[in-house]
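See below for the structure under consideration.
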Amino acid sequence: MSTLTVKQHQVPDFYLSQWQGEKGTVQCYDLIDNKHFTPAPKNILAGRYFYEEDPANPDNRMENHLAEMEHESARVFKSLAALDFSDLSRYDMRGYSLRATEALTKDVCRTIKTFANYQYLRVPGVIAAKRSELEASALNRDELDHHLNPARFVESGVAYTQGRFQSLRLQVSISQEEDFITSDWPCFDMMDSEMAPAIGEDIGRQPGVVCVLPLNPRMAAIFFAEGLDPRASRVPQGFATVISPAEVRNMNMLVIQQAQRYVVTQKPASFVFKIAARRKKASAGRPK
């Protein structure tokens, strides 16, 4: 019998490793205990038998499925991080955009969207938020526990949303100066409203709902419905654009506001706790 994976990552360590520094560690900020520490990516954001339908009798079925998806995703993320802009002037924003857009082939876009789809559904924060949404439903506690088991929730959730995720347009935002940061809830949707989108229901259906995912310290993905940006219709797979330091800071603020507990950065970032101190909880259980 093959060895079972006990520590199962809610955010893949290959993804987190893109934020590691020269010592192989990341900067991690605990927003609840107000602590800062520097762990190796493999040592954080994981739970014991987290994706087992029956933790008392683990079989690694979902863990193995996720590992296959992560293997393909890691290859694509590595290729994006390796894009070389060194021959371009930092003022040649069009050159940056064109080079990154050329890398966004149909297969690359499909892989990024697939990773985002799983990451959107596989973290404890989103499962807790979905539980809050369903508390007023006819489901009793045992039924909720059954449906919101992480393995079942991810599997059924991806089956329910994958067509919509693949239909979304993809914009890759490039930063030349400020670093993007990430968290224990790195892929999330939002809308220009006081209300948060319903988990898995509004994405890909409501034009005003967008989904964001930091890809690495220099790139972030934004997913949106086709009608939201007129440029998308001219770019079949996706497109890239350089954004300003202020726009990067705004996205980082959203990441901190959305995080359930942990924020991850590549460099020490004193602003994390300052922004986190202003957070408030939305009625549906999401940070806001």
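Any read-out appearing in this document is the output of simple, stated calculations on the displayed coordinates, not a laboratory observation. As the structure is a prediction and not an experimental result, all values here were calculated from the model. All Cβ positions, glycine included, derive from the backbone under ideal geometry; neighbour counts span all protein chains shown.
Worth pointing out:
- Cα shape, region 45-170, gyration tensor, a/c 1.5 rule: prolate
- Arranged from fewest to most other beta-carbon atoms within 10 Å of their beta carbon, SER183, SER89 become SER89, SER183.
- Among the chymotrypsin sites (Phe, Trp or Tyr not before Pro) within region 50-141, those in coil by DSSP and having at most 10 neighbouring Cβ atoms inside 10 Å are TYR91.
- Taking the Cα centre of region 7-276 as reference, the dipole from Cβ charges on Lys and Arg (+1) and Asp and Glu (-1) amounts to some 600 debye.
- Cα-based helix-to-principal-axis angle, 245-258 vs the chain, degrees rounded to 10: 0 degrees
- Spin-label pair ASP92-ASP145: with each label point 7 Å from Cα along the Cα-Cβ axis, the two points sit 6.1 nm from one another.
- Anisotropy class of region 1-91 from Cα gyration tensor, a/c 1.5 cut: oblate
- Fewest-first ranking of ASP192, ASP107, using other Cβ atoms within 10 Å as the exposure measure: ASP192, ASP107
- Cβ-Cβ FRET estimate between SER79 and GLN176, R0 fixed at 25 Å, reported to 0.05: 0.80
- Pairwise label distance in nanometres, MET191 with GLU226, each label 7 Å out on the Cα-Cβ vector: 2.0 nm
- Simple label model, 7 Å out from Cα along Cβ direction - HIS36 to TYR160, nm: 4.0 nm
- Cα-based helix-to-principal-axis angle, 93-103 vs the chain, degrees rounded to 10: 50 degrees
- Proportion of all alpha-carbon pairs of region 7-276 beyond 36 Å (%): 11 percent
- Mean residue ellipticity at 222 nm, helices only, the chain: -11500 deg cm²/dmol; runs of at least 4 DSSP H residues each add -39,500 (n - 2.57), and the sum is divided by the number of residues.
- Residue (of ALA269, TRP185, ALA136) at the positive-pole extreme of region 7-276, dipole from beta-carbon charges: ALA269
- Filtered trypsin sites (Lys or Arg not before Pro), region 46-101: DSSP coil and at most 14 other beta carbons within 10 Å: ARG90
- 0 to 90° range, to nearest 10: angle between helix 106-121 axis and the chain longest Cα axis: 40 degrees
- GluC sites (Glu not before Pro) lying in DSSP loop within region 70-179, provided at most 10 other Cβ fall within 10 Å: GLU177
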